[in-house]
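The values are calculated or read from the model by the stated rules, or taken from the named source; none is laboratory data. As the structure is a prediction and not an experimental result, all values here were calculated from the model. Please note: Cβ atoms are built from the backbone with ideal geometry, for glycine as well, and neighbour counts cover all protein chains shown.
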Amino acid sequence: MDSTLFLQQLVNGFSLGSMYALIAVGYTMVYGVLRLINFAHGDIMMVSAYAALFCITSLNVPFLGALSLAMIFAMVVGIATDKIAYKPLRKAPRISLLITAIGISFFLQNLFNMLFTSTPKAFLPPAYFEELINMGGVSVTFGSLLVPLITFIIVVIVLLILYKSKYGIAIRALAFDVQTVNLMGIDANRIIAMVFALGSALAAVGGVFWASMYYSITPTMGTLIGLKAFAAAVLGGIGSVVGAVIGGLIIGLTEVIAVAFFPELSGFKDAFAFIFLVFILLFKPTGILGINFEKSRF
């Protein structure tokens, strides 16, 4: 592989990894607060992509407007999921929450399969996404540069919210000690709803970007993408926002570059994330950043 092709694949890997990272951050935030692996998170990403497609094709909303509306819709779905499915089970065994999350995932998939059928829907990104940019002899699409940039900006905003705002302090306090938060008069359920809203909005951005980069969406698209994002969160250290981003980038870069070096492995590229997951669980279960949930979260 020559250096030009390697740099092209590096950009593509960062783009793919950035989308995994956005979704993984949502996983890690919900887990940090509730100790819940929200397996419906990938399906909220799928729902958001369909919402954006509907806004663009049926309402003639520009791409950025459709992205904003998809984020709002995802926030509503995320909050509703918490209020209807998870809130009544706050004190239930963890396995009950896990089974409920899987049930919500199946419900959303089948609902959208009924509404839109299982046939892939074409998702055409704005023209500027496909504009070629030449950087020192390396030609990449504008979209593949825009996605990592937007991801970086969003992650910085999330970190500022978590560490510089009173809501972020409340979220981190809730993640550390629920009982103390309640004694301080903070509405824990409200803070949890905010976490679901924020995580769902990130999933929406990831979903719309994914549809824009890969040109089609299906009701089951969130399953595999969501599982890879979960693997990214575990790889980086679930409970850590920065760790989720690192894990997403590692998996995205590995998928793209490994297939570029070894084209015969293209049929197995989806396995890389889960190979990482197995190894990290075997040798460093706390992930790369080694989050200790008795001491630190986010």
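The one condition from (1) assigned to a helix (DSSP H, G or I); (2) farther than 30 Å from Ala80 by Cβ; (3) of a type in the set (A, V, I, L, M, F, W, C) that Val156 does not meet is (2).
Confirm whether Val147 is of a type in the set (Val, Ile, Thr) and surrounded by 17 or more Cβ atoms within 10 Å (Cβ to Cβ).
Judged against the criteria, Val147 is a match.
Considering the conditions (1) closer than 20 Å to Ser48 by Cα; (2) touching an Asp or Glu at 6+ places or on another chain (Cβ under 7 Å), Met221 is excluded by exactly one of them, (2).
Applying the condition of being touching a helix residue (DSSP H, G or I) at 6+ places or on another chain (Cβ under 6 Å) and not β-branched (Val, Ile, Thr) to region 168-181 and asking which residue is nearest to Ala74 (Cα to Cα) yields Gly168. Among the residues in region 31-52, are any closer than 28 Å to Gly252 by Cα, of a type in the set (D, E, K, R) and surrounded by 14 or more Cβ atoms within 10 Å (Cβ to Cβ)? Scanning region 31-52 turns up at least one residue that is closer than 28 Å to Gly252 by Cα, of a type in the set (D, E, K, R) and surrounded by 14 or more Cβ atoms within 10 Å (Cβ to Cβ). When region 120-148 is filtered for residues that are free of Cβ contacts under 8 Å to residues at least 24 places away in the same chain and β-branched (Val, Ile, Thr), the ones remaining, listed by number, are Ile133, Thr141.
Considering only region 204-213, I want to know if a residue exists there that is farther than 24 Å from Leu98 by Cα, at pLDDT 90 or above and touching a strand residue (DSSP E or B) at 6+ places or on another chain (Cβ under 6 Å). The answer is yes, given that some residue of region 204-213 is farther than 24 Å from Leu98 by Cα, at pLDDT 90 or above and touching a strand residue (DSSP E or B) at 6+ places or on another chain (Cβ under 6 Å). Would you check which residues across region 224-255 are polar (S, T, N, Q) and surrounded by fewer than 24 Cβ atoms within 10 Å (Cβ to Cβ) and list them? The one that is polar (S, T, N, Q) and surrounded by fewer than 24 Cβ atoms within 10 Å (Cβ to Cβ): Thr254.
Take the residues in region 1-44 that are within 28 Å of Tyr86 (Cα to Cα) and not in a helix (DSSP H, G or I); name whichever of them is farthest from the chain's Cα centre (by Cα). Across region 1-44, the extreme among qualifying residues is Arg35.
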